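J.: Here it is: the structure, laid out below.
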Amino acid sequence: MQFRLKTHPARPTLAALTLALCATPALADINVGVVFSLTGPAASLGLETKKAVDLMPQSIGGEKINYIVLDDATDPTNAVKNARKLAGEHKVDVLFGPNLITSGMAMADVANEDKVVLLSQAPIEVAPDKQKWVFRVEPTADIMVGRAVADMKERGIKTVGFIGFADSWGELLLKALTKTTEAAGIKIIATERYARVDTSVTGQALKLIAAKPDAVFVGGTGTPAALPATTLRERGYSGPMYQSHAVANKEFLRVGGKAVEGSRLPVAPVLVAEQLPDSHPNKKVGLGLVQAVEAKNGPGSRSTFAGASWDGWLLLEGAFTQALKGAKPGTPEFREAVRDALEKAKVVGANGTYTMSPANHGGYDPASPVLIEVANGTWKLVK
C-alpha cells in the first residue's frame with residue numbers, strides 16, 4: 001500500500017517531511033544465520049555448540065546483532081533448506097554452523113551461490129574453487145588424529161585396529177589415521193565399521209580382538225562412540241583405546257562409564273582449561289569461557305563444541321568490526337568485507353589459535369590441541 005500526501009512541491013509540509021524520513025531505510029541489523037543439529041543423533045553436539053551462541057553479544061559497534069537459530073535435525077537436506085532460507089529470506093550476513101561434515105559440505109554450495117560467508121563448526125575441506133566463501137573453526141582430522149598417533153608412538157605401539165562410523169566422518173578419521181600412522185611407522189591391521197544407530201557391534205569387536213592390535217582407535221562422535229568401547233571391554237580387550245576429539249562431552253562419559261576409563265583422545269584445550277600450564281596461549285580465554293558457560297548452564301557444562309562456537313564469534317567480532325568501517329549490514333558490500341576480513345584474521349581463542357590467509361580458511365595452529373584421558377569419570381590432562 002502506498003500513501004500520498006498532497007503538498008506544494010516547493011514547500012513540503014511537516015507531515016510530508018516526517019513521512020519521507022520514516023520511509024528512508026534504517027541501517028540494517030547484522031544478521032547471523034545459525035544452523036545446528038538440535039534434535040536427532042547429533043543433538044548432543046548441536047546443543048553444546050548452541051551454549052556459546054547464547055553468550056554472544058547482542059550488538060557490536062553500536063549495531064544490533066540478531067542470531068537466527070534453525071535446527072537441521074541432523075539431516076543434511078534440512079541443513080541446506082535452512083541455509084537457503086537464511087540467505088534468501090533473512091538476507092543474513094553470515095552462515096554459522098553446522099555440526100556435521102555432510103551438512104557443511106552441502107551448505108558450502110549455498111554460501112558460494114549466495115555470496116555469504118559460511119563459518120563452519122564442522123571440519124569441512126572444500127575444493128579450491130569453492131573455498132572463497134567457506135571458512136571453518138574446527139581443526140582438520142589430520143591435526144587431531146595426529147596428536148593421538150604421536151602418543152601411540154611415544155608409548156611404543158606398533159599396530160592399531162580401527163572401528164568407526166560407516167559414513168563420511170568415519171571415513172575422514174580413517175584417512176587421517178592411515179596418513180598419520182604411516183608417517184609414524186605404525187600399521188593398521190584391522191578395520192571395522194558400524195552405523196551411528198547400531199545397538200550392537202559384537203561381530204566387529206570380535207574381529208578386532210582376533211587381530212590382536214596393540215591399540216584400538218574408535219572413529220565416532222558423541223554417545224554412539226561409547227558402544228565399541230563397551231563391547232570391546234566386555235569381550236576381554238584390555239589394551240589401550242583411543243577416541244576421536246568428537247566424543248568430548250559429558251554424555252559420552254555417562255554412557256561409556258567404566259568401559260571408557262583410561263581412553264585417550266586429543267581435544268581443544270578449553271576442556272581442561274584449569275589443568276593447563278600458565279604458559280599455554282589458550283588458557284586465559286579458555287578459563288573465561290568456562291566460567292561464562294558454567295555460570296549459565298551449571299558445573300561441568302563446558303565442552304570443546306561450545307569452545308568452537310565461541311572461537312567462531314571471536315573471528316566474527318574482528319571481521320564485523322572491520323567491515324562496519326566501510327559498509328552497511330545487509331548489503332553485498334558488507335558480506336564481501338566480512339569475507340575479506342576473515343582472510344586476514346588472527347585470533348587466540350578458547351579452542352586454539354587461528355591465523356587465516358587466502359590460502360588457509362581454517363588456520364588452526366597444530367600446536368593447540370592437548371592429549372587427555374578419562375580418569376574417574378572425568379577428563380584428565382596427560383600432556
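Every read-out reported here was derived from the displayed coordinates using simple, explicitly stated rules and does not represent laboratory data. Quick caveat: nothing in here was measured; it's all calculated off a predicted structure. Note: ideal-geometry Cβ built from the backbone for every residue, glycine included; neighbour counts use all protein chains shown.
J.: For Ala350, list long-range residues whose amide hydrogen, built 1.01 Å from N in the peptide plane, is under 5 Å from its own amide hydrogen.
T.: Excluding prolines and chain starts, which carry no amide H, the hits are Asp311.
J.: Okay, next question. Given labels modelled 7 Å from the Cα in the Cβ direction, how far is it in nm from Ala367 to Thr178?
T.: Using points 7 Å along Cα→Cβ, the separation is 3.2 nm.
J.: Right, something else. Pulled fully out, how much extra length does the chain show between Glu234 and Ile189, if you take 0.36 nm times their separation in residues and subtract their Cα-Cα distance?
T.: 14.1 nm
J.: Something else now. Please give the charge dipole size of the chain, origin at the Cα centre, charges +1 on K and R Cβ atoms and -1 on D and E Cβ atoms. Round to the nearest 20 debye.
T.: 220 debye
J.: With a ≥ b ≥ c the root eigenvalues of the C-alpha gyration tensor of the stretch 141-267, is it rounded (a/c under 1.5), prolate (a/b larger than b/c) or oblate?
T.: rounded
J.: While we're looking at this one, here's another question. May I ask for the equivalent-ellipsoid semi-axes of the chain, computed as the square root of five times each C-alpha gyration tensor eigenvalue and listed largest first in whole Å?
T.: 45, 20, 18
J.: Tilt of helix 14-23 relative to the longest C-alpha principal axis of the chain, in degrees (0 to 90, nearest 10)?
T.: 20 degrees
J.: Determine, for each peptide in 213-219, 243-249, the mean count of other beta carbons within 10 angstrom over its residues, then list the peptides with the highest first.
T.: Going from most to least packed, we get 243-249, 213-219.
J.: Something else about it: Which whole-Hz couplings ³J(HN,Hα) result when phi for each residue of the stretch 339-352 is put into the Karplus expression 6.51 cos²θ - 1.76 cosθ + 1.60, θ = phi - 60°, listed in order with x for Gly and Pro?
T.: Residue by residue, the stretch 339-352 yields 4, 4, 5, 5, 5, 10, 5, 9, 9, 9, x, 7, 8, x Hz.
J.: Under 16 Å Cα to Cα from Lys91, which lysines show up? Leave out anything in the same chain fewer than 8 places away.
T.: Answer for Lys91, where 16 Å is the Cα cut-off: Lys64, Lys81, Lys115, Lys328, listed by chain and number.
J.: Can you give me the C-alpha center-to-center distance between the stretch 246-300 and the stretch 183-199, rounded to a whole angstrom?
T.: 25 Å
J.: Among the DSSP beta bridges whose two residues both lie in the chain, what percent are antiparallel, rounded to the nearest 5?
T.: So the antiparallel bridges amount to about 35 percent of the total.
J.: Just from its helices, what would the mean residue ellipticity at 222 nm be for the chain, if runs of 4 or more DSSP H residues each count -39500 (n - 2.57) and the sum is divided by every residue, rounded to the nearest 500 deg cm²/dmol?
T.: -12500 deg cm²/dmol
J.: Just tell me which lysines come within less than 25 Å, Cα to Cα, of Lys250; anything on the same chain fewer than 8 places away is out.
T.: The qualifying lysines are Lys50, Lys51, Lys258, Lys283, Lys284, Lys296, Lys380, Lys383.
J.: Moving on to the next point. Would you mind counting up the charge near Val216? Only other residues with Cβ under 12 Å from its Cβ, with Lys and Arg at +1 and Asp and Glu at -1.
T.: Once positives and negatives cancel, what remains is +3.
J.: Now for a different question. Tyr364's amide H: which non-local residues (gap 5+, or another chain) put their own amide H closer than 5 Å, with H modeled 1.01 Å from N in plane and none for Pro or chain starts?
T.: Thr355
J.: Taking a spot 7 Å from the Cα of Ala166 along the direction of its beta carbon, which residues of the stretch 104-141 have an amide N less than 20 Å from it?
T.: Answer for this model: none.
J.: Would you please put 232-242, 141-151 in order of how densely packed they are, using the mean number of other Cβ atoms within 10 angstrom per residue and starting with the highest?
T.: 141-151, 232-242
J.: ³J(HN,Hα) across the stretch 172-183 via Karplus (A = 6.51, B = -1.76, C = 1.60, θ = phi - 60°), whole Hz, x for Gly/Pro?
T.: Coupling constants for the stretch 172-183: 4, 5, 5, 4, 5, 5, 4, 5, 6, 6, 4, 5 Hz.
J.: Would you please put 83-95, 305-317, 329-341 in order of how densely packed they are, using the mean number of other Cβ atoms within 10 angstrom per residue and starting with the highest?
T.: The most tightly packed comes first, giving 305-317, 83-95, 329-341.
J.: Relative to the first principal axis of the alpha-carbon coordinates of the chain, what is the inclination of helix 283-297, with its axis defined by its Cα atoms, in degrees from 0 to 90 and to the nearest 10?
T.: It is inclined by approximately 80 degrees.
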